[in-house]
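The values are calculated or read from the model by the stated rules, or taken from the named source; none is laboratory data. Being a predicted model, the structure only gives us computed values, none of them experimental. Positions of Cβ are backbone-derived with ideal geometry, glycine not excepted, and every protein chain shown enters the neighbour counts.
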């Protein structure tokens with residue numbers, strides 16, 4: 001594996017590389033053609049490299065923030081980013097693979113029963129980074145999405161912009177607070193907000209080509225009035241699957257993350 005570290009200073013890439021007893025390679029010094037080894041990279045703005053890997057059939061592993069475990073809980077009162085997803089040849093884990101439930105149980109997460117009495121449609125606007133990756137603009141996506149929703153429902157549509165500061169997102173301007181405001185369904189592009197929404201009992205629509213919530217959500221806005229309410233067994237299998245797709249920083253440091261990736265993915 002070649003671990004690509006932005007200017008040699010990516011904390012988590014460096015951590016993972018050293019856990020594998022390898023040295024990270026600075027993006028400033030990386031030559032794509034020098035070797036065909038699998039790449040490990042973090043951050044969606046590495047889109048040129050990822051798209052080239054797809055074109056050439058070259059294996060890569062994409063790192064980004066984990067799906068859960070980084071929120072403020074008794075075990076993580078400050079909401080530190082302890083968990084990081086690692087995905088083989090994609091941006092997110094977009095299907096359900098049967099996994100044991102040992103890792104999922106450690107999070108003590110539960111699924112809130114589906115709520116069906118809300119009125120509003122909450123549109124979680126994408127960030128600029130995924131828009132750049134997919135070659136779209138945020139404003140155009142939001143406008144087109146609202147227009148499509150209004151073709152199929154007269155429900156009020158509310159747009160939620162992602163708070164720029166993480167402390168606000170996890171403490172003072174949380175998605176859960178927004179979902180509590182009379183929301184019937186959430187619509188998003190690639191955001192993990194869809195995962196949070198499903199856990200919180202609000203059905204989701206995921207519109208990006210890759211979204212980890214897609215197996216338990218819909219992608220067709222013409223069905224906005226009849227969202228998908230996955231059953232308990234499917235939700236639990238999905239949670240177990242996601243738990244096996246993300247790794248604690250201690251697992252990055254120890255090499256356990258690499259071992260699991262090679263064994264399971």
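Numbers below:
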{"item": "Which numbered condition residue 210 fails, given (1) assigned to a helix (DSSP H, G or I); (2) not assigned by TED's automatic domain parsing to the domain that holds residue 40", "result": "(1)"}
{"item": "Test: residue in the stretch 45-58 that is in contact with a helix residue (DSSP H, G or I) (Cβ under 7 Å, 6 or more places away or on another chain), closer than 18 Å to residue 250 by Cβ and either outside the structural domain of residue 131 (by TED's automatic domain parsing) or in a strand (DSSP E or B) (or both)", "result": "no"}
{"item": "Selected residue [in a helix (DSSP H, G or I) and loosely packed, with under 14 Cβ neighbours inside 10 Å] from 196, 251, 262", "result": "262"}
{"item": "Looking only at the stretch 115-129, and only at residues there that are touching a helix residue (DSSP H, G or I) at 6+ places or on another chain (Cβ under 9 Å) and more than 19 Å from residue 207 (Cβ to Cβ), the one that is surrounded by the most Cβ atoms within 10 Å (Cβ to Cβ)", "result": "118"}
{"item": "Single residue of the stretch 13-42 satisfying the filter (assigned to a loop (DSSP other than H, G, I, E, B) and in contact (Cβ under 8 Å) with a residue 40 or more places away in the chain) that is surrounded by the fewest Cβ atoms within 10 Å (Cβ to Cβ)", "result": "21"}
{"item": "In the stretch 3-12, residue nearest to the chain's Cα centre (by Cα) [restricted to those that are in a helix (DSSP H, G or I) and within 19 Å of residue 49 (Cα to Cα)]", "result": "12"}
{"item": "Test result for residue 115, closer than 30 Å to residue 181 by Cβ and more than 20 Å from the chain's Cα centre (by Cα)", "result": "yes"}
{"item": "Any hit, the stretch 92-101, residues being assigned to a helix (DSSP H, G or I), surrounded by fewer than 15 Cβ atoms within 10 Å (Cβ to Cβ), modelled with pLDDT under 95 and touching a helix residue (DSSP H, G or I) at 6+ places or on another chain (Cβ under 8 Å)", "result": "no"}
{"item": "Some residue of the stretch 65-87 being at pLDDT 90 or above and over 17 Å from the mean Cα position of the chain (by Cα)", "result": "no"}
